[in-house]
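S.K.: Structure below; questions to follow.
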Amino acid sequence: MLTSREIHLAKYPEGIPEPDDFDLVEVTVPDPDIGEVLVKNIWMSVDPYMRGRLRDRKSYVEPFKPGHVLTGGTIGRVVVSENPNFSPGMYVQSNLGWREHFLSDGTDLQAFQPGNMPPQAFLGILGMPGMTAYIGLITIGEAKAGETVFVSAASGAVGGVASQIAKIKGCRVVGSAGSDHKAAWLRDEAGIDAAINYKTCGDLETAL
Ligand SMILES: NC(=O)c1ccc[n+]([C@@H]2O[C@H](COP(=O)([O-])OP(=O)(O)OC[C@H]3O[C@@H](n4cnc5c(N)ncnc54)[C@H](OP(=O)(O)O)[C@@H]3O)[C@@H](O)[C@H]2O)c1
């Protein structure tokens, strides 16, 4: 058995979340039983949808509950395994973030090999934000070469990937972002055709 730490929701935040909306709690994690796996989290993602879960109202995902540990996308490594499908050192993806260690029966774990990619990329470009950008742009948006694609929040996790996939597909890409620094990154690093700082451009339609 070991002592682990996890973040619990203390109360629903008013406005911007503050540290006292959360509690850092020490918990005891027992040794894994037959069929179980002990996982140590090494990376977790804090995503915009989590703000919606910090409200006590109905939505497409359940609200977080005060007094309970938070959840969210995370990458961990197997420490001890009593489950034949997992071995120590394996990388696993789960939704059991906001805690250092946890026990699982394996059904909520997805094992993966990072290859030559950093493991945390599986929370970003190779994970939910990357898939959101790809499915939104290609499967739903059906972006085609020669079309002009406008991406708002273009330097964010999803927008940055959507912008670059659109360029790869041969589109003309125009993005908006909230600072000159972000707009410069979009033009100079991400390689899109034009970027607008929506905070300083004046009338957005004219800028477009
Ligand atoms: N449905 C799904 O499966 C799914 C999956 C992933 C993400 N999403 C949604 O996609 C959006 C982007 O997610 P993300 O992971 O890319 O988030 P992110 O990396 O946190 O980026 C969000 C960006 O939004 C911009 N922003 C903030 N306030 C804004 C405002 N008032 N007007 C315009 N832009 C504003 C900020 O950039 P600036 O400084 O440039 O304004 C920020 O960088 C979120 O709404 C998220 O919930 C949905």
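Read the figures in this text as sums done on the coordinates, not as results from a lab. Source: prediction; values computed, not measured. Note that each Cβ is placed from the backbone with ideal geometry, even for glycine, and that neighbours are counted across all protein chains shown.
S.K.: What's the angle, to the nearest 10 degrees (0 to 90), between helix 157-168's Cα axis and the longest principal axis of the chain?
M.R.: 50 degrees
S.K.: Of all beta bridges DSSP finds with both residues in the chain, what is the antiparallel percent, to the nearest 5?
M.R.: Approximately 75 percent, going by the DSSP bridge assignments.
S.K.: Residue by residue, what Karplus-based ³J(HN,Hα) values in Hz, rounded to whole numbers, does the range 103-119 have, using 6.51, -1.76 and 1.60 with θ = phi - 60° and x for Gly and Pro?
M.R.: 9, 9, 8, x, 6, 9, 10, 10, 6, 8, 10, x, x, 8, 9, x, x
S.K.: So for the chain, averaging the separation of alpha carbon pairs under 8 Å that are six or more residues apart and normalising by length, what relative contact order in percent results?
M.R.: Relative CO of the chain lands at 15 percent.
S.K.: For the range 128-207, just the Cα atoms, rotate onto the principal axes and tell me the three extents in Å, largest first.
M.R.: 33, 25, 20
S.K.: Still on this structure: So, with +1 on the Cβ of K and R and -1 on the Cβ of D and E, and no other charges, what is the size of the charge dipole of the chain about its Cα centre, to the nearest 20 debye?
M.R.: Roughly 600 debye for the chain.
S.K.: Can you tell me the FRET efficiency between Val61 and Leu2 if r is taken as the Cβ-Cβ distance and R0 is 35 Å, rounded to the nearest 0.05?
M.R.: 0.70
S.K.: Need one number: nm distance between label points at Val27 and Ile135, each 7 Å from Cα along Cα→Cβ, rounded to one decimal.
M.R.: If labels sit at Val27 and Ile135, their model points lie 2.8 nm apart.
S.K.: Regarding the chain, what are the three Cα extents along the principal axes, ordered largest first, in Å?
M.R.: 62, 42, 29
S.K.: Can you give the Kirkwood hydrodynamic radius for the range 2-117, in Å, rounded to one decimal and based on Cα pairs?
M.R.: 15.2 Å
S.K.: In nm, what is the difference between 0.36 nm times the number of residues separating Met117 and Ala10 and their Cα-Cα distance?
M.R.: 34.9 nm
S.K.: Suppose we look only past 14 Å in the calculated P(r) of the range 43-110. What percent of the Cα-Cα pairs does that tail hold?
M.R.: Above the 14 Å cut-off, the range 43-110 has 61 percent of its Cα pairs.
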